[in-house]
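Any read-out appearing in this document is the output of simple, stated calculations on the displayed coordinates, not a laboratory observation. Nothing here was measured: the structure is a model prediction, and the numbers come from that model. So basically every Cβ, Gly included, is an ideal-geometry build from the backbone, and we count neighbours across all protein chains shown.
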Amino acid sequence: MGERTANVHDGDIGATITGLAAVIHDRRTASPEESYTARLLTGKEDSLLKKVVEEACEVVMAAKDHDHDHIRYEAGDLVYHLLVVLERYGITLEELAGELDARRH
């Protein structure tokens, strides 16, 4: 578990995810030696996929503990790593939105 984030305030999830996805996309051109995200985008596939599983497990463990702040923290890690997966495999946020929209009907 990482260090809990201090001074968290409510935000706009759409703007936040869009902005984070743009930063992740831009990291494609960064040096893997200087950027964790670039390493995940260009490194061994299993390294990234293991991180997604690890972060999902940490969300579950935090939920089992009924720890609100810890759930939020680990969910942030999971969403970040999921966005890296989407970028690595060329799935846009618009495609993801379309998938989710199609399930609402």
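Anything in region 7-41 that is over 17 Å from A75 (Cβ atoms) and over 16 Å from the mean Cα position of the chain (by Cα)? List them, or say none. Within region 7-41, N7, T29, A30, S31, P32, E33, E34 meet the criteria. For L78, indicate whether it is without any contact (Cβ under 8 Å) to a residue 60 or more places away in the chain and closer than 20 Å to T18 by Cα. In short, yes. Residues in region 50-69 that are exposed (fewer than 14 other Cβ atoms within 10 Å of the Cβ) and either within 19 Å of P32 (Cα to Cα) or polar (S, T, N, Q) (or both): how many? Result for region 50-69: 1. Of all residues in region 21-37, those satisfying the criterion of being part of a helix (DSSP H, G or I) and more than 22 Å from L96 (Cα to Cα) are T29, Y36. Among the residues of region 87-105, those that are surrounded by fewer than 17 Cβ atoms within 10 Å (Cβ to Cβ) and either among the charged types (D, E, K, R) or under 10 Å from the mean Cα position of the chain (by Cα) (or both) comprise E94, E95, E99, D101, R103, R104.
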